[in-house]
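K.L.:
Please read through the structure below; I'll follow up with questions.
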Amino acid sequence: MRKLLLPFLLVLLALPVWAQASILTFTAERGESFQVRVNGRTLNRSFTNYVRLNDVRPGEHYIELRVRSRHGVYKMGQNILVPHGVEANYGVRTLGRSGKAYLKLLSEVPLRPVIIPAPPLPRYSDHHRHDEYCGHDRYDDRYDDRYKDDRYRDDYYGGNCRNLLSGRELERAIDAIRHRDFESTKLSIARDALRGNSIMADNLKRLLQQFDHESTRVEFAKYAYDYLCDREHFYYIYDLFRFDSSVRELEEYARRR
């Protein structure tokens, strides 16, 4: 059995790095609320000023917009070309009182490649007998690990606190976000800061304060929930949201998780 398993593991270890699917974002440059349809599929039932679509197929897509403004509702349809492996950020613009709107490409940011981790090697039981004749201390480092602070913290919070985001890393992320104008770029930086880390509810609240739009705060709060160390304190962030509907949406999301 082991002879058959070894070649299979070697093939898995040699898997290449796969490029991440493209991402498409839409931002109202003047803060208007809008509704987006991509290839006939409505992305947001409620009008918002920011929409993000993940896992976008590279190629041409037909975009339809309905934009609400003080002059009425603007409508448009436009084809766009989305390259492979980028975050394509589009600004939604309106033309005075003409009733027309259009999209302008603001940036195309290459996405980081996603590395598929190799599966762990099989572990076989250790039949070694630890006694006074074995030649080494039976209480080795594997037993001492349980007394480390990280283990205590993981046990207390249910294993969600590995690689906790430090204060210095948090300040760097906040500083990077503050120097960006577009909500989509801020969201990408915040997501990058959490990858492979965990965060406390108080620090999550500080990150959420860097966003200008409530819809973006809701989206990032949902994303960050899986990285939250003290999930029982998720409610700490609720006072950041102006609308009760946003709080209810987050409460329901947390219950489902």
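K.L.:
Cut-off 13 Å, label point 7 angstrom out along Cα-to-Cβ of Val109: give me the residues of segment 180-197 whose amide nitrogen falls inside.
P.N.:
Residues 180-194 qualify, since their backbone N sits under 13 Å from the label point.
K.L.:
Would you work out the relative contact order for segment 205-257, in percent, from Cα pairs under 8 angstrom that are 6 or more residues apart?
P.N.:
Details: 22 pairs, mean separation 21.3, N = 53.
So the answer I get is 40 percent.
K.L.:
Given the protein chains as shown and a 1.4 Å probe, how many square angstrom of Lys104 are accessible, to the nearest 10?
P.N.:
Only protein atoms counted, so the area is about 90 Å².
K.L.:
For Tyr238, Tyr74, Tyr62, give the ranking by accessible area with the largest first, probe 1.4 Å.
P.N.:
On the way: Tyr238 40, Tyr74 5, Tyr62 95 Å².
Highest to lowest solvent-accessible surface, that is Tyr62, Tyr238, Tyr74.
The values are calculated or read from the model by the stated rules, or taken from the named source; none is laboratory data. What you see is a predicted model, and the numbers here were worked out from it, not measured in a lab. So basically every Cβ, Gly included, is an ideal-geometry build from the backbone, and we count neighbours across all protein chains shown. To get the accessible areas, we keep the full protein, side chains included, count just its heavy atoms, and leave off ligands, DNA and RNA. Shrake-Rupley method; radii C 1.70, N 1.55, O 1.52, S 1.80 Å.
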